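Below is one structure, written out as structure tokens; comments come after it.
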Amino acid sequence: MKNTKMMVVGFISAVAISVALSTSLLAKNNTADSAEASVEASRLQSLAKFTKVLGIVEQYNVDGLSIDQLIDKSLQGMLSNLDAHSNYMDKKSYDNLKTQTDGEFGGLGITVGMRDNALTVIAPIEGTPADKAGIKAGDIILKINDKATLSMTIDDAVGVMRGVPKTPIDLTIVRKGAAEPLKFHIIRDIITVESVYTRIIGNNILYIRVTSFDKKVATDVKKAIKKHAAKSKGIVLDLRNNPGGLLDQAVELTDLFVNEGVIVSQKGRNKADDISYSATKSATITDLPLVVLVNEGSASASEIVSGALQDLKRAVIVGEKTFGKGSVQVVMPVTETEAIKLTIARYYLPSGRTIQAVGVAPDIEVIAGEIKNHDKAFNIKEADLKKHLESELEKNDGMIDVTEANATNKTIITPDQLNKDIQLKEGVDIIKALIIVKGK
């Protein structure tokens, strides 16, 4: 009898638990359904609001724009308000993007980005028309010819600046420290860039300059290191005014110097966009002391390299804070002639910090400039002036043109050149100290 009673009680308890679990699951399902229904209702309300506003603008706007034009402007506004790098591309913009690497196009040789909603020069590329004209990193482009840039997207601005080689263009620039806007008259040209070049400093320091991250950067740097391996005791890697380029080249370049650890990772809203890039021991070719030079013109791939080497304690970073461009964009076609460029992820350095809008702060901050050596300044007494000038005139025919010598010397950096670049001079001094420490 007791057993029967216990079985009944047990059965009732099991039924009660089952009912409770079913009720709990039903409540969760109801909650999920309710949340989904709420999101759907909100979406419908928002679409209804957009349609209503669209109808009002179409009916009453003084310019009488068509529905297609209004939709395009709506899409442009939505994408451009997400972040500085997302935008909607109409047929013209999309065609420009698709043909950027086809044929020969005249350009200025600058990379631009949006900073505080202003079209800003990330960096001029060495030897290009913009560089020769005196455009600097951090310059704000106020006008292109007579057209203001305030309402332009990056792609629009690039499209206007690109043109037939040997044709002129005027840029109105706002520069920090300048009392009023500066105007530059520049002649477009075919942009050809020497992405990697090397020099020797003293007897044992290898200077490697990387101007942009094209598809051969890692290979060229690797060749340079191996070529000078016998005599090199330290390396200065110059990434100043390098606006970036290919991610895989940034990873491969960093991998030449580090043999383990995460170099960079990208994380987005969707897990499918999360990727991590790690160093490999087999790719590492040197453990020499390393200094990396950066400035506000160092962006994107340059920031990945300098930031990773900093986090992994592999290099001393010298110069000024970098630009802060650490996001990933993809182009998604909407129709056959239109597309959107959308930010889908951000880059993160080995320590987990982001680059976006923050940049990489150098370990040792050095403002760009020239070393003034007052001890060697021209200082002569009036009584000796005539005699001094006569002796100088006698030597004139045999005098070396320093400017010409520097321009044609493709193998070394002289002490005089070092004194004209305080950031490089500081980097070299640090390398010399690291070489001494390593020797001990």
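The values are calculated or read from the model by the stated rules, or taken from the named source; none is laboratory data. This structure is a prediction, so every number in the text was calculated from the model and none was measured. Reconstructed Cβ throughout: ideal geometry from the backbone, glycine too, with neighbour counts over all protein chains shown. Areas reflect the complete protein model, heavy atoms only, side chains present, ligands, DNA and RNA absent. Shrake-Rupley method; radii C 1.70, N 1.55, O 1.52, S 1.80 Å.
Each label was represented as a point 7 Å from its Cα along the Cα-to-Cβ direction; for residue 147 and residue 270 these points are 3.4 nm apart. Legend: calculated FRET efficiency, residue 160 to residue 358, from the Cβ-Cβ distance at R0 = 30 Å, rounded to 0.05, equals 0.50.
Put simply, the amide H of residue 142, placed in the peptide plane, has neighbours under 5 Å in 172, 173, 174, leaving out anything fewer than 5 places away on its chain.
For residue 118, what residues show an amide H to amide H distance below 5 Å, using hydrogens built from the backbone and excluding near sequence neighbours? Result for residue 118 returns nothing.
Remark: segment 123-128, residue by residue, has Karplus-estimated 3J(HN,Hα) of 6, x, 8, 3, x, 8 Hz, where x stands for each Gly or Pro and the curve is 6.51 cos²θ - 1.76 cosθ + 1.60 at θ = phi - 60°. Proximity of backbone amide H atoms, modeled 1.01 Å from N, is registered between residue 328 and 344, 345, 346, 347 at under 5 Å, excluding neighbours fewer than 5 places apart on the same chain. Couplings for segment 143-152, taken from phi via the Karplus curve 6.51 cos²θ - 1.76 cosθ + 1.60 with θ = phi - 60°, read 9, 10, 6, 9, 9, 5, 9, 4, 9, 8 Hz in order; Gly and Pro are left as x. In terms of packing, defined here as the mean over residues of other Cβ atoms within 10 angstrom, the peptides 117-130, 285-298 line up highest first as 285-298, 117-130. With both residues required to sit in segment 205-360, DSSP beta bridges show an antiparallel share near 55%. Label-to-label distance, residue 56 versus residue 280, with points set 7 angstrom from Cα along the beta-carbon direction: 5.9 nm. Based on protein heavy atoms only, segment 327-376 ends up with 61 Å² per residue of surface accessible to a 1.4 Å probe.
Over 29 Å apart at the Cα level, from the set 143/216; 215/281; 132/267; 215/313; 313/432, are 143/216; 132/267. In this simple spin-label approximation, residue 287 and residue 329 carry label points 7 Å from Cα along the Cα→Cβ vector, and these lie 4.2 nm apart. Applying 1/(1 + (r/R0)^6) with R0 = 41 Å to the Cβ-Cβ distance of residue 91 and residue 368 gives a FRET efficiency near 0.45.
With a Förster radius of 22 Å, plug the Cβ-Cβ distance of residue 132 and residue 190 into 1/(1 + (r/R0)^6) and report the FRET value to the nearest 0.05. That gives a FRET efficiency of 0.95.
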